[in-house]
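Below is one structure, written out as structure tokens; comments come after it.
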Amino acid sequence: MTQVTTGATRNTRQRAEVLALLREVEGFHSAQQLHQMLVERRAKVGLTTVYRTLQLLVDSGEIDSARLPGGEYLYRRCSLSQHHHHLVCRHCGRAVEVAGPAVERWADQVATQHGFTDVAHTVEIFGTCDRCAA
């Protein structure tokens, strides 16, 4: 099991529990939803630790985050290791990982036109999945 550390090891167990949960659940979930799932498992992990751990995992590239139009962030562990995008259901959080070569070319072209280098981008497409629409 991967353990995330930041110099302080006192929360290693809690961080391992967050990562283990992310390996088991499908779709995107908010920090609050993930914390509630951990509480239901009787894990002793505080909400602050969940937020901190999620940010460390995003920064290390182990999980992805998506920002909803209202500003809330959702998190999930992805199966693709290369850069990709997501189709995300607004209702259930189900996500589909998609490659976007046209988006990559467009982002590079726009950056070049404006003299930007070392460019990164995120594209999330939100909608209603077929299960929720039924």
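Quick note: the coordinates plus some simple rules give every number you see, no bench work behind them. Note that the structure is predicted; figures quoted are calculated from it, not measured. Every residue, glycine among them, receives a Cβ derived from its backbone with ideal geometry; neighbour counts consider all protein chains shown.
Points worth noting:
- Modelled FRET efficiency - R0 35 Å, Ala133 with Arg13, Cβ distances, 0.05 increments: 0.30
- On Cα atoms only, tilt of 101-113 relative to the major axis of the chain in degrees: 70
- Ascending count of other beta-carbon atoms within 10 Å, so fewest first, for Glu62, Glu24: Glu24, Glu62
- Between 0 and 90°, nearest 10: helix 47-59 axis offset from the chain longest Cα axis: 40
- Rounded to whole Å, the principal axis extents of the Cα atoms in the chain read 51, 45, 27, largest first.
- Axis of helix 12-24 versus longest Cα principal axis of the chain: the two differ by about 60°, to the nearest ten degrees.
- Cα centroids of the range 101-134 and the range 21-70: 24 Å apart.
- Extension gain for Leu68-His84 works out to 4.0 nm (0.36 nm per residue, less the C-alpha to C-alpha distance).
- GNM result for the chain, Cα springs below 10 Å: residue of Thr117, Thr12, Thr48 fluctuating most strongly: Thr117
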